[in-house]
């Protein structure tokens, strides 16, 4: 059975929505972290539910997210929905006008829920470093007894 979650298309659209919400450049790691926390916001006390439901193995997918997200970002860049910039911190990504138009056209409940949650998550992640956020993800996973 194929998973309905985390296909290249779905990850691409979620990352595009994430850039739409933040309105600033983000590194790949920052996008992966923001997306993961947005999808599992309840686990971080940032929402009343998880967009992909409660899943005892949600954290096991985090390890694969970075490579999947890199492929997704490449697809977004190829379609001129996202631009890539080389900075002193490495590569960063930002949404283009075409990407904004795609996001503006998304009318599903999932897209609306993702956007609403992503605003809360952005406030949460903007006050912390990548290292701090990775630590929180690891601690949350340990509470779920997945990484023993």
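The values are calculated or read from the model by the stated rules, or taken from the named source; none is laboratory data. Keep in mind that this is a model prediction, so the values were computed, not measured. Ideal geometry is used to build each Cβ from the backbone, glycine not excepted, and the neighbour counts take in all protein chains shown.
Annotations for the structure displayed:
- Checked against the criteria, residue 48 counts as exposed (fewer than 15 other Cβ atoms within 10 Å of the Cβ), touching a helix residue (DSSP H, G or I) at 6+ places or on another chain (Cβ under 8 Å) and either modelled with pLDDT under 95 or not in a loop (DSSP other than H, G, I, E, B) (or both).
- If the condition is being under 19 Å from residue 36 (Cβ atoms) and in contact with a helix residue (DSSP H, G or I) (Cβ under 7 Å, 6 or more places away or on another chain), then the stretch 96-119 contributes 111, 114, 115, 117, 118, 119.
Here's the yes/no breakdown for (1) in a loop (DSSP other than H, G, I, E, B); (2) without any contact (Cβ under 8 Å) to a residue 24 or more places away in the chain; (3) in contact with a strand residue (DSSP E or B) (Cβ under 6 Å, 6 or more places away or on another chain):
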{"residue": "37", "(1), (2), (3)": "no, no, no"}
{"residue": "63", "(1), (2), (3)": "no, yes, no"}
{"residue": "67", "(1), (2), (3)": "no, yes, no"}
{"residue": "70", "(1), (2), (3)": "no, no, no"}
{"residue": "76", "(1), (2), (3)": "no, no, yes"}
{"residue": "84", "(1), (2), (3)": "no, yes, yes"}
{"residue": "93", "(1), (2), (3)": "no, no, yes"}
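- Selection over the stretch 124-136 of residues that are touching a helix residue (DSSP H, G or I) at 6+ places or on another chain (Cβ under 8 Å) and more than 13 Å from residue 30 (Cβ to Cβ) gives a count of 1.
- Filter pass, residue 145 being in a loop (DSSP other than H, G, I, E, B), more than 17 Å from the chain's Cα centre (by Cα) and modelled with pLDDT of 90 or more: no
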